[in-house]
Amino acid sequence: MNSNLDIHERIKYLREKVLKLKQSEMSLKIGLKQGSLSDIERKKTKTVTDRIIKDISREFNISENWLRTGKGEMFITSETFSLDEQAKKNKLTDLEIAIMRSYMNLDREIREKLMDELEAIFKISNETAATTEDKSIDAEIEAELEAYRKELEAEKKGKTLSALPKSERKESS
């Protein structure tokens, strides 16, 4: 395709040659009156609004840059998920890769049941971890309380001793 086309010509080219749509079909998909699309393609409308550009881009997976300038790729290339790439990136073992592949080959109903079971296991695991963490915090609090209790008892004992006559102090010690 000639990159010297202006935006009006690119829209017409896209509609006719690439998408093979009638004006009525394209205008319906982007929420525009057919006459308005016709005016754009015939350059009766001088400026193509950002809204129209974004609508065309979103509806037909077209690069806004290409639509505006004619440069770059026409279509937006979507990222694909590659288990192999993720496996390398996350340094998965052969066993982990085999498990992932086997999981994907399971029947949909079996996968759903498995996910329910895993969710229950991890929920229990999370609750257990939280309980263990709570017990650890409780133990810390108890230890602090016990230390404070001993400190208060020692302080109280010291005041009591200092209030007693000297003869009684020796007997209490």
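Values in this text are rule-based calculations from the coordinates and carry no lab data. It should be emphasised that the depicted structure is a prediction, and the values quoted were computed from it without experimental measurement. Every residue, glycine as well, gets a Cβ built from its backbone with ideal geometry; the counts of neighbours run over all protein chains shown.
Report the full-extension gain for the segment PHE81 to GLU155: residue separation times 0.36 nm, less the Cα-Cα distance, to one decimal in nm.
Length gained between PHE81 and GLU155: 19.9 nm.
Going down the table (LYS17/LYS46; LYS12/LYS46; LYS91/LYS113; LYS22/LYS44), which pairs top 24 Å between alpha carbons?
In this structure, LYS91/LYS113 lie more than 24 Å apart at Cα.
Take peptides 105-112, 62-69 and line them up by average Cβ neighbours within 10 Å, highest first, as a rough protection proxy.
Ranking the peptides 105-112, 62-69 by packing returns 62-69, 105-112.
Need one word for the range 1-61: rounded, prolate or oblate. Basis is the Cα gyration tensor (sqrt eigenvalues a ≥ b ≥ c); a/c below 1.5 gives rounded, then a/b vs b/c decides.
Cα axes put the range 1-61 in the rounded bin.
How much net charge surrounds ARG15 when only the other residues with a Cβ under 9 Å from the Cβ of ARG15 are counted, with Lys and Arg +1 and Asp and Glu -1?
Result for the local shell: +1.
Taking R0 as 35 Å, what FRET efficiency do you get between MET100 and ARG58 from their Cβ-Cβ distance, rounded to the nearest 0.05?
0.60
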